[in-house]
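Peer 1: Here it is, the structure in full.
The values are calculated or read from the model by the stated rules, or taken from the named source; none is laboratory data. In this text, all values refer to a predicted model and were calculated from it rather than measured experimentally. Note: ideal-geometry Cβ built from the backbone for every residue, glycine included; neighbour counts use all protein chains shown. In case anyone asks, the SASA skips ligands and DNA or RNA and just uses the protein heavy atoms, side chains included. Shrake-Rupley method; radii C 1.70, N 1.55, O 1.52, S 1.80 Å.
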Amino acid sequence: MRVVRAHPLPAHWVDGKPISDVSVMGGVVDRYRRLATEDGPVVTGFVAIADAWACTNPSAGRGMTVGMLHAQRLRDVLRCFPDDPWNLAREFDEITERDLRPWYDAQVASDGLRFAAMEAARTGHRPTTPSDPLTRDIALLRKGMLASGDLFRLGLEYLATLATAQEIMNRPGVRARLQEAVAQLAKDPPPAMPAPSREQLLELAS
Ligand SMILES: Cc1cc2nc3c(=O)[nH]c(=O)nc-3n(C[C@H](O)[C@H](O)[C@H](O)COP(=O)(O)OP(=O)(O)OC[C@H]3O[C@@H](n4cnc5c(N)ncnc54)[C@H](O)[C@@H]3O)c2cc1C
């Protein structure tokens, strides 16, 4: 409660009367299941959708959307292959890899960025530049979206699960505009969110 109250923007969230004890959430994992190899399905007559297919930590708040997108894909494939279990499983795997997998990969990449930022804050170092291209792209999109209304809307397409980061970054000119914006922001940073320093946080939580 002390920590939340020390953040002016969400401080009022704890003005209400609690209706229960604090619920603890832990042990969240990034998990991905594929019921096929490059040679085709390993099982027919059985599919995994939504969280049973893949889940990540819930920080992005997109599990239900991804689950619904996945269910729609399954509906379409069932219509195409009502009496052909092997092709149903093959097609569903292919579509899942093409349309849904990018969301899973992007969240794993975002988690990597977040963990690196937390570790850097803990050890007092600057976060290292991510080595894989997807993580670098997501970092670029998230930073660059603060530069203008147009770039913000692009970032929102990703955050609201309308277009994958991979798709947005492949649009003509987007990467260059984001790179330019991030370079400009480095010279003229936006105002920081009002929040306690790490030292103050440690004091509040201890
Ligand atoms: C803390 C938290 C916050 C989240 N916040 C968001 C958010 O803000 N926005 C968002 O989009 N997503 C959010 N998610 C993710 C979202 O809840 C899940 O991605 C989504 O519910 C997955 O749907 P599902 O149908 O695959 O699985 P579930 O919703 O888990 O449904 C599976 C159902 O199967 C039942 N079941 C299990 N085993 C059996 C069995 N043997 N027999 C019969 N029934 C069984 C379970 O009881 C359950 O009802 C959050 C997740 C968590 C944990």
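Peer 1: Considering each of Thr65, Thr37, Thr56 in turn, give the residue that is hydroxyl-bearing (Ser, Thr, Tyr) and more than 16 Å from the ligand (Cβ to nearest atom).
Peer 2: Thr37 is the lone residue from the list that is hydroxyl-bearing (Ser, Thr, Tyr) and more than 16 Å from the ligand (Cβ to nearest atom).
Peer 1: Given the conditions (1) touching a Phe, Trp or Tyr at 6+ places or on another chain (Cβ under 6 Å); (2) within 11 Å of the ligand (Cβ to nearest atom), and given that Val47 satisfies all but one, which numbered condition is not satisfied?
Peer 2: For Val47, the exception is condition (2).
Peer 1: Still on this model: When you look at Ser110, is it open to solvent by 40 Å² or more (accessible area, probe 1.4 Å) and either part of a helix (DSSP H, G or I) or modelled with pLDDT of 95 or more (or both), yes or no?
Peer 2: Taking the combined requirement at face value, the residue does not satisfy it.
Peer 1: Oh, and also: Does Val42 satisfy the condition of being away from the ligand (no atom under 15 Å from the Cβ) and of a type in the set (Val, Ile, Thr)?
Peer 2: Against the criterion (away from the ligand (no atom under 15 Å from the Cβ) and of a type in the set (Val, Ile, Thr)), Val42 qualifies.
Peer 1: Here is a further query. Tally time: how many residues in region 177-206 are in contact (Cβ under 8 Å) with a residue 60 or more places away in the chain and exposed (fewer than 12 other Cβ atoms within 10 Å of the Cβ)? First the steps, then the outcome.
Peer 2: From region 177-206, those in contact (Cβ under 8 Å) with a residue 60 or more places away in the chain are 193-196, 198, 200-201, 204-205; that's our starting set.
So of that shortlist, the ones also exposed (fewer than 12 other Cβ atoms within 10 Å of the Cβ) come out as 193-194, 198, 205.
Number satisfying all stated conditions: 4.
Peer 1: Now a separate question. Any residue in region 141-159 that is touching a Ser or Thr at 6+ places or on another chain (Cβ under 9 Å), assigned to a helix (DSSP H, G or I) and either modelled with pLDDT under 95 or within 13 Å of the ligand (Cβ to nearest atom) (or both)?
Peer 2: Yes, region 141-159 contains at least one residue that is touching a Ser or Thr at 6+ places or on another chain (Cβ under 9 Å), assigned to a helix (DSSP H, G or I) and either modelled with pLDDT under 95 or within 13 Å of the ligand (Cβ to nearest atom) (or both).
Peer 1: Then there is this: Tell me, please, whether a residue that is free of Cβ contacts under 8 Å to residues at least 24 places away in the same chain and among the aromatic types (Phe, Trp, Tyr) can be found in region 153-176.
Peer 2: no
Peer 1: Just one of Val22, Val29 is at pLDDT below 90 and more than 12 Å from the ligand (Cβ to nearest atom); which is it?
Peer 2: That would be Val22, the only listed residue that is at pLDDT below 90 and more than 12 Å from the ligand (Cβ to nearest atom).
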